[in-house]
Amino acid sequence: MKTKLAVLLASFLLGISVAAQAAAPHEHHAHGNPEPQKLQLNAGQKWATDAPLRQAMSEINQAMATALPRIHKNQFSEADYQALAGTVSQKVAYAVANCKLEAKADAMLHLVIADLLAGAEAMESKQPEARHDGAAGVLHGLQAYGKYFQHPGWKTAKG
């Protein structure tokens, strides 16, 4: 249930971000089908972060670091996945509510958040393979965060 709320919240905020970008004047005006947005660096540099975002991402990363050894040994129960999904969703909701990034950095962050929330939702599945894939999705989001966002000392969880 919390995951669904976080997904709705993130979707709502993403919609606001997209609407704001559409309303803002811009130099490039594409016609036809717009390309889906992809994660990219900020003119070759990682995007700036703030303390609430770094805190939330560190807590998600730590939760994954704790869980991964048991996940890899197939010793992670359905209840364990449910709890991990809840942690991811809660920390994402905290980041969305508290971090204040520049508009372009925020738009890039939404792509990472989408991976995290999709992974959390999959971890709530009744299917063991889907839960495992969900954990992999969260890990992918954490790897992308580390690659594209400034976070001193960041090391993505490993199992």
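Scan region 138-155 and tell me whether some residue there is hydrophobic (A, V, I, L, M, F, W, C), in contact with a Phe, Trp or Tyr (Cβ under 8 Å, 6 or more places away or on another chain) and surrounded by fewer than 21 Cβ atoms within 10 Å (Cβ to Cβ).
Taking region 138-155 and keeping what is hydrophobic (A, V, I, L, M, F, W, C), we get 138-139, 142, 144, 149, 154.
When the remaining residues are screened for being in contact with a Phe, Trp or Tyr (Cβ under 8 Å, 6 or more places away or on another chain), the result is 149, 154.
Still in the running and surrounded by fewer than 21 Cβ atoms within 10 Å (Cβ to Cβ): 154.
Checked region 138-155: at least one residue is hydrophobic (A, V, I, L, M, F, W, C), in contact with a Phe, Trp or Tyr (Cβ under 8 Å, 6 or more places away or on another chain) and surrounded by fewer than 21 Cβ atoms within 10 Å (Cβ to Cβ).
State which residue pairs qualify: first residue surrounded by fewer than 20 Cβ atoms within 10 Å (Cβ to Cβ) and of a type in the set (D, E) and inside region 107-132, second residue modelled with pLDDT under 95 and part of a helix (DSSP H, G or I) in any location, beta carbons under 8 Å apart, and separation of 6 or more residues or different chains.
Sorted first by the residue in region 107-132, then by its partner, the pairs are E121/T3; E121/K4; E121/V7.
Regarding L53, is this residue under 15 Å from the mean Cα position of the chain (by Cα), at pLDDT 50 or above and closer than 28 Å to K158 by Cβ?
Details: under 15 Å from the mean Cα position of the chain (by Cα): yes; at pLDDT 50 or above: yes; closer than 28 Å to K158 by Cβ: yes.
Here the answer is yes, as L53 does meet what is asked.
Any idea how many residues of region 72-85 are surrounded by fewer than 21 Cβ atoms within 10 Å (Cβ to Cβ) and either closer than 13 Å to R131 by Cα or within 12 Å of the chain's Cα centre (by Cα) (or both)?
Looking only at that region, the number is 9.
The values are calculated or read from the model by the stated rules, or taken from the named source; none is laboratory data. Source: prediction; values computed, not measured. In this analysis, Cβ positions are derived from the backbone assuming ideal geometry, glycine residues included, and neighbour counts consider all displayed protein chains.
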